[in-house]
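Student: A single structure is presented below for examination.
The values are calculated or read from the model by the stated rules, or taken from the named source; none is laboratory data. These figures come from a predicted structure and were not determined experimentally. We place every Cβ from the backbone using ideal geometry, glycine too, and count neighbours over all the protein chains shown. The accessibility values were calculated without ligands, DNA or RNA, using every heavy atom of the protein model including side chains. Shrake-Rupley method; radii C 1.70, N 1.55, O 1.52, S 1.80 Å.
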Amino acid sequence: GIGNIKINIPKEGCSDSSRRGRIVMRRQKTFQVCLNTYLFESMVCDKAGPKDVRFTGMKNDSQSDLATYLLRVKEEELADEFVSLVHKYKSQESSS
């Protein structure tokens, strides 16, 4: 679907240790959540094409079922930025 995607990162002062970074996507017109997955250390995230990003994520808030997602963005720079942010914050998940 078409929509906005965000990487949500808990604030530094958060005392809840179970809070982890997430990738969240909402549909464009209805704002319904269509993707909501944790960032995790063994997560794979790479470019599948100039404007395409492929990443693994939890399926339906499951702790064990993984799915592969493909994301297409408008510009190549956005794809590069998304991949670098995922790699940056997925490694911080265990240190929080």
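Student: Stokes-Einstein diffusion coefficient for the chain at 25 °C in a medium of 0.890 mPa s, Rh from the Kirkwood formula over Cα pairs: what value in µm²/s?
Tutor: 176 µm²/s
Student: In addition: For labels at His87 and Ile2 in the simple 7 Å Cα→Cβ model, what's the distance in nm?
Tutor: With each label placed 7 Å out from Cα toward Cβ, I get 3.1 nm.
Student: I need the phi-derived Karplus couplings for the range 67-73: 6.51 cos²θ - 1.76 cosθ + 1.60, θ = phi - 60°, integer Hz, Gly and Pro marked x.
Tutor: Going residue by residue, I get 9, 9, 10, 10, 10, 10, 10 Hz, with x marking Gly and Pro.
Student: Can you compute the label reach from Leu66? Point 7 Å from Cα along the Cβ direction, backbone N cut-off under 18 Å, restricted to the range 17-51.
Tutor: Residues 21-23, 36-48 qualify, since their backbone N sits under 18 Å from the label point.
Student: Show Val24, Val86 ordered by accessible area, largest first, where the area counts protein heavy atoms only and the probe is 1.4 Å.
Tutor: Val24, Val86
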